[in-house]
Amino acid sequence: MIKKKQLPFKAVNQNLMTDPNNQPLWNNAINLVIGGCGLLSKRPTRYNSSNWPSYYKSAKGIKIKSIQNKWYKDYSEFSIGCNLLGYRPKEHHLILKKLHRTPPLTTLLSPDEPHLAEDLNLFLNTNKLWRFTRGGGEALSLAIRYARAITNTDKVLVCGYHGWHDWYLASNLSSNSNLDETFLKGLEPVGVPKYLKDSAFTPSKLDKNSIQKILNENKIKILFIEAARYEYLTDEITNSIKEFQQAGGLIVADEVTSGLRVEKKLAVYKLGINPDIVVLGKSLGAGWPIAAVGCNYIHKNRLEDVFASSTFWTEQSGLLAGRLTIKRLSNWDRFYEKLFQNASSLRENFIRSFDRSNVDIKINSLPTMISYKFNFLDFDERESSALFIDRLVNKGYLTSSTIYPTICHSNRENILFCKNVLNTLKELNLKIKDSSNNVRNHLKSLGYLERGFSRTQSL
């Protein structure tokens, strides 16, 4: 047993939970949890550690209550894109009600497992074999094992962000810059076995020629794609992918982020591609841990030869959450129409706020997955973003360089948010013009720069 005097940090106590400055709890966290928390994109240092509330107490709709009992409206990644239905939707109450009567795990299987597989086939109008995991990263690792088993090859070309596992990060073994275009700039693949070098490749530039060159030179038969992150793949790249598939190549569509969020249910459907393997996550569980790998039925015998097994893949809450989410989305046209209206109003009013403040903004083309960049005068993008976030936090809004609209982001709330955005931009412009030195000193006090590699978007 470890004695208190041996601990290199102060013990966490209830006083920290109500401290008006949240830093003591976070400072303890970085000595208790590797990296401070389990998800890189949720580190408070990514936003600004001085004012970002960091920890939540409760949430409902688009509102989050911090452990200091202050309410915020969430106009950021919204749990990194997971809560498409908003926080604590009615489906969550149904899950908790069922779990009150039945345990999440027993010796016997949950009937929700085959039912969810059937629901997905009906909803997506497909005929695939499904396997369920707890998160997108492990689902993608399962997908690459299936892909390698089906093709009887090892090498893979990746076009997008596909998680943290060895098979993907091996792309950076030949150069730390290989994944720069997929939101992991400067990542050194520490801990990834060196013998995996030349097992995964990524194009230096996401275009047809770069992709085709790697495929031809390395005789690759597996292609991992994100059909859309914040923009769809170009027609030229899409046609190249179709040619690759027609020539016998295997396509794995990573829909962990985009799945159930775009107008064709899956982004890859929008491109007219029928993937051999599809991976779902995030929105599928509406906040509960669940991900899915769907494989073409023709490969059934080969897939059953692959060893992959985990205790909590059979846990009931995630499976039930997936079923309830699909049920909510079953009237897709109606659901998506409302989601798209909410997202479009947000995007349009957001751009208008920047236009009226004379601040140039670079924004993506997908209303339901908004990504943007801007800068004030001689302040760079990261500095400008930190100032912007800091100001809006003080106004009761959580935001970042990425916004994932939900069904709960009403037009009324979006207009109110964008009014605050406009006022914030005007205030910052005036402060910078009045005294840029004071603003830079304020930036230093925020502590917005984080250790390690950087990325331009959430993962």
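What angle do you read, to the nearest 10 degrees and between 0 and 90, between the alpha-carbon axis of helix 316-329 and the longest principal axis of the chain?
Its long axis makes an angle of about 80 degrees.
In debye to the nearest 20, how big a dipole does region 262-319 give about its Cα centre with +1 on each Lys and Arg Cβ and -1 on each Asp and Glu Cβ?
Dipole of region 262-319, to the nearest 20 debye: 240 debye.
At what distance in angstrom do the alpha carbon centres of region 118-167 and region 285-356 lie from each other?
14
Which links in Lys70/Lys97; Lys185/Lys373; Lys264/Lys395 stretch past 26 Å when you go from one Cα to the other?
Over 26 Å apart, Cα to Cα: Lys70/Lys97; Lys264/Lys395.
For labels at Asn411 and Asn437 in the simple 7 Å Cα→Cβ model, what's the distance in nm?
A separation of 4.9 nm, rounded to one decimal place.
Rounded to the nearest 500 deg cm²/dmol, what is the calculated helix-only ellipticity per residue at 222 nm for the chain, with -39500 (n - 2.57) per DSSP H run of length n ≥ 4?
Per the formula, -12000 deg cm²/dmol.
Please list, or write none, the aspartates and glutamates whose alpha carbon is within less than 17 Å of the alpha carbon of Lys205, excluding same-chain residues fewer than 8 places away.
Leaving aside aspartates and glutamates fewer than 8 places away in the same chain, those within reach of Lys205 are Asp180, Glu181, Glu217, Glu226, Glu231, Asp235, Glu236.
So, with +1 on the Cβ of K and R and -1 on the Cβ of D and E, and no other charges, what is the size of the charge dipole of region 102-330 about its Cα centre, to the nearest 20 debye?
Roughly 140 debye for region 102-330.
Per the Kirkwood treatment, what hydrodynamic radius in Å, one decimal, follows for region 102-330 from the mean inverse distance over all distinct Cα pairs?
So the Kirkwood estimate lands at 18.0 Å.
Which pairs, out of Lys194/Lys300; Lys42/Lys270; Lys265/Lys426; Lys155/Lys208, put more than 28 Å between their alpha-carbon atoms?
Over 28 Å apart, Cα to Cα: Lys194/Lys300; Lys42/Lys270; Lys265/Lys426.
Cut-off is 10 Å between beta-carbons; in what order do Ile277, Ile214 appear when sorted fewest neighbours first?
In order of increasing Cβ crowding within 10 Å: Ile214, Ile277.
Quick one: angle between helix 436-446 and the longest Cα principal axis of the chain, in degrees between 0 and 90, rounded to 10, please.
60
Among Asn152, Pro289, Pro193, whose Cα lies farthest out toward the positive end of the dipole of the chain, if unit charges sit on the beta carbon of Lys, Arg (+1) and Asp, Glu (-1)?
Of the options given, the answer is Pro289.
When you count, for each residue, the other Cβ atoms within 10 Å and take the mean per peptide, how do 113-120, 318-325 rank with the highest first?
318-325, 113-120
Rounded to the nearest 5, what % of the DSSP beta bridges within the chain are antiparallel ones?
Roughly 60 percent of the beta bridges in the chain run antiparallel, per DSSP.
How high is the FRET efficiency between Asn218 and Lys65 when r is their beta carbon distance and R₀ equals 56 Å, given to the nearest 0.05?
For R0 = 56 Å, the calculated efficiency reads 0.65.
Residue separation times 0.36 nm, minus the C-alpha to C-alpha distance between Lys338 and Ile351: what's the value?
2.7 nm
Apply the a/c threshold of 1.5 to the C-alpha gyration tensor of region 234-329 and tell me whether it is rounded, prolate or oblate.
oblate
Over 25 Å between Cα atoms: which of Lys221/Lys282; Lys128/Lys197; Lys65/Lys90 fall into that group?
Check vs 25 Å cut-off fails for Lys221/Lys282; Lys128/Lys197.
Between 0 and 90 degrees, rounded to the nearest ten: what's the tilt of helix 23-32 against the longest Cα principal axis of the chain?
With rounding to tens, the tilt is 30 degrees.
Under a point spin-label approximation (7 Å from Cα along Cα-to-Cβ), what is the Asn152-Lys362 distance to one decimal in nm?
Result: 4.6 nm between the two label points.
Grab the Cα-Cα distance for His93 and Leu377, subtract it from 0.36 nm times how many residues apart they are, and report the gain in nm with one decimal.
My answer for the length gained is 97.4 nm.
Check Tyr230: other-chain or 5+ apart residues with amide H under 5 Å from its amide H, H built from backbone geometry?
Answer set, sorted by chain and number: none.
Determine, for each peptide in 141-154, 349-362, 297-310, the mean count of other beta carbons within 10 angstrom over its residues, then list the peptides with the highest first.
Highest-to-lowest ranking by the protection proxy: 141-154, 349-362, 297-310.
Could you give the size of the charge dipole of region 158-224 about its Cα centre, using +1 on the Cβ of each K and R and -1 on the Cβ of each D and E, expressed in debye and rounded to the nearest 20?
The dipole of region 158-224 has a size of about 200 debye.
For each of Val393, Val158, count neighbouring Cβ atoms within 10 Å of the residue's Cβ, then give the residues from fewest to most.
Ascending Cβ contact count within 10 Å gives the list Val393, Val158.
Under 12 Å Cα-Cα from Lys219, which aspartates and glutamates qualify once same-chain neighbours fewer than 8 residues away are excluded?
Filter leaves Asp154, Asp198.
Could you tell me which residue out of Ile214, Pro203, Phe340 lies farthest along the dipole of region 193-352 toward its positive end? Charges go on the beta carbon: Lys and Arg +1, Asp and Glu -1, centred on the Cα centre.
Phe340
Taken together, the values in this text are just the output of simple stated rules run on the coordinates, not laboratory data. The model shown is predicted, which means the values in this text are computed figures rather than measured ones. Glycine also receives a Cβ, built like all others from the backbone with ideal geometry; neighbour counts cover every protein chain displayed.
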